[in-house]
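Read through the structure below, which is laid out as structure tokens, and then see the notes.
The values are calculated or read from the model by the stated rules, or taken from the named source; none is laboratory data. Just so you know, these numbers come straight off a predicted model, no measurement behind them. Please note: Cβ atoms are built from the backbone with ideal geometry, for glycine as well, and neighbour counts cover all protein chains shown.
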Amino acid sequence: MTITVFLLDDHEIVRRGLRDILATEDDIDVIGEAGTVDEGARGIVGMRPDVALVDVVLPDGNGVKVCEALRTYAPDVRTLVLTSFSDDDTLFAAIDAGAAGVVLKRLGGDELIDSVRCVHEGTSVIDPRLTGRMFNRLRADESSDEERLAEPNDREHQLLELVAEGLTNRQIGARLYLSEKTVKNYVSAMLQKLNMRTRNEAAVFATRLAARRQTETTTQRSG
């Protein structure tokens with residue numbers, strides 16, 4: 001199956017480079033490109049690619065706003081944010097806006113191709129050069145995490161684990177023998193309880209909880 005891609009970057013030379021890299025793969029097809037927020041948002045919503053590569057800094061706005069718009073008008077499009085900046089605010093703003101992944105522009109061609117395939121398959125992608133700072137910031141909120149899910153039920157734990165795997169509502173429904181609509185309602189209620197807006201936030205949270213439980217189990221065994 002061919003993965004369709006839309007490129008949104010204000011530098012033509014960057015778009016050409018991205019297109020040339022992706023063109024080396026038979027299963028990836030760049031179907032459109034743009035250099036502004038307005039052109040990009042209209043193009044992506046109209047063409048409905050599988051994956052949108054979106055730059056953060058654009059002449060008439062920023063890529064985070066595009067992510068927010070796509071979450072509303074084209075929720076089926078997976079957004080991979082490209083950024084030259086490795087600051088925490090950019091990373092968390094993109095995740096909060098619904099981006100499926102955030103990578104630095106200095107990544108290699110193979111890394112770019114792998115990232116496109118991963119987000120298309122439903123897996124969240126964070127550039128390895130960003131994950132250290134991301135987890136440091138998340139650890140600072142550890143106490144608030146405990147309060148968020150002070151009394152989790154079995155269903156919430158199960159949903160968190162499946163969301164962390166990058167599964168869609170339909171795939172989760174198949175696992176749990178539930179309708180897609182029922183899963184959507186469960187996930188929405190869970191996100192509201194956790195005071196989160198996106199599945200990516202829940203996925204990161206679930207990963208942290210799993211790591212913490214594993215650490216606690218190891219400590220108990222060694223004790």
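Given the criteria more than 20 Å from L80 (Cα to Cα), within 17 Å of the chain's Cα centre (by Cα) and modelled with pLDDT of 80 or more, does L162 qualify?
Spelling it out, L162 is indeed more than 20 Å from L80 (Cα to Cα), within 17 Å of the chain's Cα centre (by Cα) and modelled with pLDDT of 80 or more.
Output the residues belonging to the range 134-148 that are in contact with a helix residue (DSSP H, G or I) (Cβ under 7 Å, 6 or more places away or on another chain) and either under 15 Å from A206 (Cα atoms) or modelled with pLDDT of 80 or more (or both).
Those that are in contact with a helix residue (DSSP H, G or I) (Cβ under 7 Å, 6 or more places away or on another chain) and either under 15 Å from A206 (Cα atoms) or modelled with pLDDT of 80 or more (or both): M134, L138, D145.
When you scan the range 169-198, how many residues do you find that are in contact (Cβ under 8 Å) with a residue 24 or more places away in the chain, of a type in the set (S, T, N, Q) and surrounded by 16 or more Cβ atoms within 10 Å (Cβ to Cβ)?
1
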